[in-house]
Amino acid sequence: MIQVNDFLYGKMELPMVFSDLLNTDALKRLGGIHQSGAIFLVNPDICHSRLEHAIGVTMLIRMLGGSELEQIAGLLHDISHTAFSHVGDYVFDNTDEDYHEKVFAEVLCRSEVPDVLLNYGYNINQILYGTFDILEQPLPALCADRLDYTLRDGIHGGVISRQRAREFLTSIVLKDGKIAVNAETEVAWINEAFEKLNNEVFKLPLHLYANGKMAELIKKFLNKGVLVESDMFKTDTMLLNKIRTSYEGYEAIKSIKQLKGFAEFMRHGAVPKIKTRTLDALLV
């Protein structure tokens, strides 16, 4: 067993399969990808990683009594996110914000993960074709992925407190294998927290600027041949370093941090069109 620790779920022991998975290059890479894309360049408080979220989802599924296979699926569900997370969607003009889902099977199968899973009696097809009702549900339902990022991103974005988030976690249960909430007040609270997260963090003009300008810059450098598509599957730091090797790139990153051209970009730039999301948590 290995022990993991998270500011939402506390300390938890996980079987050794998780230790081996966390030691793969594919999972280590997620530790170098910011959950909120390029927002950290203009708001350093929002700097948590995709790996933190993936581990959190795993712990949440385990806390709810989900199978080991579903916990593994939770750990792996974001393995194909590009550098800067959803900035990849804006680079590749993916308006559904699901580019990582389209390349999930390819990224997963070319990683070390299939071999690790075989060592523990699992097959990669169980992940690719399995049904995991705790992990994923279509909007507007609650699921482990959606719940973890709502609480985690909400705390880092300053729209909810850690204490209130942990209080909410005591109200969730499984109903017919899916996440439900056992009090009307808590249903109302999580639905409102999700709306605030979308309006006050995801759609905040400052944050749209950071992600939009980064997407614009990456597109430009891809077209110039300075970057290649495979660079999108490195870490944020590696991609930034490659951009900064040129004077133009160095100055462009600096200008994003200094908010140069903010007003002009918000009026006429390729501002990301964040898809509208609502949450309707199930009352048990």
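The values are calculated or read from the model by the stated rules, or taken from the named source; none is laboratory data. All of these numbers come straight from a predicted model, not from anything done at the bench. Reconstructed Cβ throughout: ideal geometry from the backbone, glycine too, with neighbour counts over all protein chains shown. Only protein heavy atoms, including side chains, enter the accessible area calculation; ligands, DNA and RNA are left aside. Shrake-Rupley method; radii C 1.70, N 1.55, O 1.52, S 1.80 Å.
For segment 158-168, backbone phi angles converted through the Karplus equation (6.51, -1.76, 1.60; θ = phi - 60°) give residue-by-residue couplings of x, 9, 9, 9, 4, 4, 5, 5, 5, 5, 4 Hz, Gly and Pro being listed as x.
Annotation: per residue accessible area for the chain equals 45 Å², rounded to a whole number [probe 1.4 Å, protein chains only].
Between PHE233, ILE256, GLY32, the Cα set farthest toward the positive side of the dipole of the chain (charges on each charged residue's Cβ, about the Cα centre) is that of ILE256. Each Lys and Arg adds +1 at its Cβ and each Asp and Glu adds -1 at its Cβ; summed about the Cα centre, the chain shows a dipole of about 1000 debye. Applying 0.36 nm per residue to the separation of THR95 and LEU174 and subtracting their alpha-carbon distance, the gain on full extension is 25.2 nm. Computed extension length for ALA263-ASN5: 88.8 nm, one decimal, from 0.36 nm per residue of separation with the Cα-Cα distance subtracted.
Remark: the chain is approximated by an ellipsoid whose semi-axes, taken from the C-alpha gyration tensor as √(5λ), come to 31, 24, 16 Å, largest first. Close amide H contacts of ASP6 (hydrogens built in the peptide plane, cut-off under 5 Å, sequence separation of 5 or more or a different chain): LYS11.
How much of the accessible area of segment 205-268, in percent, comes from carbon and sulfur atoms when a 1.4 Å probe is used? Answer for segment 205-268: carbon and sulfur cover 56 percent of the accessible area.
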